[in-house]
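Down below is the structure, laid out as structure tokens.
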């Protein structure tokens, strides 16, 4: 049962991720990204990280991607030929790099023996719950958390500085 | 395992059936109340008190011609209605309708599933349902529809913040994201220790207004403002796709009522629930009914906002109020403990 | 209210002890927010008090930094805080001092410049303060998470500062380029970070440093089979280094620097050329000296099993430093825009600074920190002089704008000359002391390659004199091309006077600063290293602190 669900969501997420790249229309790409995010969040639920799954949907699928879709709809971007056509050489450069990455992935897969998933025993069930995330956030990761809030405040101020019109 | 699966399946089937009936009849209810408020009769010809009207409407719409505009983006045009309907239906699997009752010798909890992060799940689905509207507007390839879709996305993003922040007070109060826990924490005072009476009147006010906006109800129904946008994002839709939009909207309405009840008005809590668990179902239904009535009442009482007013109200009034509510609740909680 | 205080008492167990450690940052954040509020309250066109407020913030932060120094670190102790997220040691304190001095002087320089541009607004100062908060956490962070987030805090504020003059298209372009490349480099850095986290299972630098020797040993057998993870370690190291090279503008990754420096408002250029560079180097040092010290020399192979050894990061840094010094100096020779020229000069200075990390002995570290300190003063000085040239209708960033400056503003010319000579490393100035330590550190190692590197650096520093003297020639010899007078605002005068006095003072009496930087260089965790393995085995590198400093 669990395995079947995993396979379904894994296939969906990978297929949607591929679709992001293959679509010429930016709106379809954005929607595929939403699909990937939702499938991933289902995978998180299966890893017993419900909190992260829910946050992933609320923040990414629900807020950020809505904004993306909104902007794409507003701009109504035409289907354009990718810019990369002008740099044919770069395209061939990409092949060895992709090969390198794949080789790296295989290298790691070959090295590492499959081990028991830690989430499957009871003691580790609490990893992704609200309680454990909250506890970590306000003890171990208190400082990065607070610095992030300063970062976001700064980003808001900055966005306002750059977006504000003339002398208003 | 099979027992559990069977229980789930039955629960889902029952809730789905009840919900769809409720959706159909809330349309009738809306029209009857509209008639009452506007000093006229409303639909009363089909069956006694017009009770068969929803069936007649449904039948009529099924037989309408299903039109897909030639310049529309077909795939998105077809899936957009489901994108609105399915998330709003999915909300109901975490809402607790009542306490545990004993049926056929089994203890059965009156909610489909018990989810550790139920509240976040509800918020997540609420935020995802905007895709249906936005994409319907875009895919129709019609300027009014597009305007409706754009307005919907902007409005949802703005009001989602206030909505999310307004429930933080409830979270502080009950210490859990689990809707069942939230209901149970409101069980004191002989079942009347409801959040709205205790510390969250302000939180409820903000939540209620934001929920109205999330459900695209008047005075926040700009995405479908009929006087300026014809019918907004569903201008081009007909037949069953149109029905699905309507169902999605009323589903959202009932979901908003259900979530408000659960979070602020004690859910299924009420006097006497401990001794007669079946009473809890009645309490919940009654409260939801009251909310649906209020939503409809508002619709025929208040005029629509202008777009800039809507945005200003969301960002400059609701959001600060929600934050204020968090500060007050946290301070009170700290002082009391 | 009493109950509230009672309830918060539990938090005080962390509170008193730990908040003290981040007091300067807290003060700066509060002042940055206060600057925003004050900006809204002031009428348009009278925003100057915001500058004074932020300056006061920098002052208070300096005072609290002083407390930190005398309470905790002056004896060479260090203290971890916030669940091992940050450490307060002399290394952190001295870098924070550099950032605060840089920020203070930059604010003084900015006041007049922004008036001239008609962009005097409070957000500018609050962004500077926010970025300094990020820098300070970069200097004291010992966890990859803290380091990365504070890096972003700094970087994003600076992206915005670069694009601050919205009506200037060059500024827009610069900001865009800087942002895109900066975001890309952050991605590269993050990729390296994620790999090292996956390999070691920790984001804490101390834990990483502990885990790495085990992982890179060729006989590492985690699951009952021999696993050679050295290539992955090497790759993550290179990726992290590449990310940092971007941030300090070392040569293969320097493309953004000339455009960003030229397009940005000059006051921002001044700030980013010193403070951002110093902060990036602070993080660079923390990351490599504290987190990856065992990858410095080589990733040992195993001759028995026929596994080759891999080069460590000292080699990588050495090559990059050599290219950076050569390319930066050669490219600077042909520039006609002073800001662009100084951008290339700053690239070459990044190369010099890296020499201290490569030398990896106490002299090298001292030089590394000392040079960043001195560089802050002298580079801010030069940019201050260029800001003075910005007058009505004159951009002031072309070489011709300097023509005949001696007749118009003799004091300014003299100060500019001192700064330029210091950048070139001429003896009575501070720049000489800094370079001396950097080169001495390399020579002290006795490694022939590093000695050759030092010789190359000395030669290129002689080349650099050519373009610094071009400035001087223009100022003293060339006839005036325009007649508009040059007037210095009081704030600018103050900043320049402070900078020039410090540069001269450090040049002739460097001992106090030297003592301070030596303390920083002795901070725990910054492992010194001897390239001559035989000598190390015989225990000969145990030198008393401060000895053999090459003076």
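Each value in this text was obtained by applying a stated rule to the coordinates, not by laboratory testing. Note that the structure is predicted; figures quoted are calculated from it, not measured. Here Cβ is always computed from backbone atoms with ideal geometry, including for glycine, and neighbour counts include all displayed protein chains.
Based on the Cβ-Cβ distance of residue B:34 and residue B:184, what FRET efficiency does E = 1/(1 + (r/R0)^6) give at R0 = 41 Å, to the nearest 0.05? It would help to have the intermediate numbers written out before the result.
On the way: r = 38 Å, r/R0 = 0.92.
Efficiency at R0 = 41 Å is approximately 0.60.
Which whole number of Å³ per residue matches the convex hull of the alpha-carbon atoms in the range A:1-78? Display every interim value, and only then the final one.
Working: hull volume 4.9 nm³, N = 78.
Value for the range A:1-78: 63 Å³ per residue.
Which order do peptides B:292-301, C:282-291, C:507-516 fall in by mean Cβ count within 10 Å, highest first? Spell out each step's value before the answer.
Details: B:292-301: 16.6, C:282-291: 24.8, C:507-516: 15.1.
Averaged packing, sorted descending, gives the order C:282-291, B:292-301, C:507-516.
FRET efficiency for residue C:400 and residue A:64, Cβ-Cβ distance as r, R0 = 35 Å, nearest 0.05? Write down the numbers at each step before the final one.
Numbers: r = 49 Å, r/R0 = 1.40.
Step by step, r from the Cβ atoms, then E = 0.10.
Have a look at B:21, B:218, B:82 and tell me which one the Gaussian network model of chain B (Cα, springs below 10 Å) gives the largest fluctuation.
Between B:21, B:218, B:82, it is B:21 that shows the largest mean-square fluctuation.
Give the calculated FRET efficiency between residue A:137 and residue C:476 to the nearest 0.05, with a Förster radius of 51 Å applied to their Cβ-Cβ distance. Provide the component values of the computation, followed by the final result.
Values: r = 61 Å, r/R0 = 1.19.
My answer for the efficiency is 0.25.
What is the list of residues in the range B:144-167 whose amide nitrogen lies under 19 Å from a point 7 angstrom out from the Cα of residue B:307, following Cα to Cβ?
Within reach of a label on residue B:307: B:144-160.
Place the peptides C:412-419, C:229-236 in order of packing, highest mean first, counting for every residue the other Cβ atoms within 10 Å and averaging per peptide.
C:412-419, C:229-236
Between helix C:313-333 and chain C, what is the angle of the helix's C-alpha long axis to the longest principal axis, kept within 0 to 90° and rounded to the nearest 10?
20
Report, in degrees rounded to the nearest 10, the 0 to 90 angle that the Cα long axis of helix B:201-214 makes with the longest principal axis of chain B.
Roughly 30 degrees between the two axes.
Give the dimensionless ratio obtained when the Cα radius of gyration of chain C is divided by 2.2 N^0.38 Å. Spell out each step's value before the answer.
Numbers: Rg = 23.4 Å, N = 551, 2.2 N^0.38 = 24.2 Å.
Ratio of Cα Rg to 2.2 N^0.38 Å: 0.97.
Enter the mean projected area of the convex hull around the alpha-carbon atoms of the range B:72-336, in nm², rounded to one decimal. Each step should come with its number before you reach the end.
On the way: hull surface 59.2 nm².
Over every viewing direction, the Cα hull of the range B:72-336 projects on average to 14.8 nm².
Considering only the protein assembly as shown, what is the antiparallel percent among its DSSP beta bridges, to the nearest 5? Can you show the working numbers first?
Working: 15 of 15 bridges.
Bridges in the protein assembly as shown that DSSP calls antiparallel: roughly 100 percent.
Sorting check: for C:179-186, C:21-28, which peptide has the highest mean count of neighbouring beta carbons within 10 Å, and how do the rest follow? Spell out each step's value before the answer.
Numbers: C:179-186: 17.0, C:21-28: 23.2.
Sorting C:179-186, C:21-28 by mean packing, highest first, produces C:21-28, C:179-186.
Classify the range B:1-118 from the C-alpha gyration tensor, please: rounded if a/c falls under 1.5, else prolate or oblate depending on whether a/b exceeds b/c. Display every interim value, and only then the final one.
On the way: a/c = 2.42, a/b = 1.36, b/c = 1.78.
Since a/c reaches 1.5 but b/c is at least a/b, the shape of the range B:1-118 is classed as oblate.
What's the angle, to the nearest 10 degrees (0 to 90), between helix C:144-162's Cα axis and the longest principal axis of chain C?
So the helix axis and the longest Cα principal axis differ by about 20 degrees.
Say we join alpha carbon atoms closer than 10 Å with springs in a Gaussian network model of chain B; which of B:54, B:277, B:303 then has the biggest fluctuation?
It is B:303.
Based only on the alpha carbon positions, what is the Kirkwood hydrodynamic radius of the protein assembly as shown, in angstrom?
Working: mean 1/r = 0.0306 Å⁻¹.
So the Kirkwood estimate lands at 32.6 Å.
Quick one: C:33, B:251, C:385, fewest Cβ neighbours within 10 Å first, how do they rank?
Values: C:33 16, B:251 27, C:385 30.
Lowest count first: C:33, B:251, C:385.
I'd like the mean, over residues of C:151-160, of how many other protein chain beta carbons sit within 10 Å of each residue's own Cβ. If you can, show how the numbers build up before the last one.
Numbers: counts 0, 5, 8, 2, 0, 5, 5, 1, 3, 8.
Counting Cβ atoms of other protein chains within 10 Å of each residue's Cβ and averaging gives 4.
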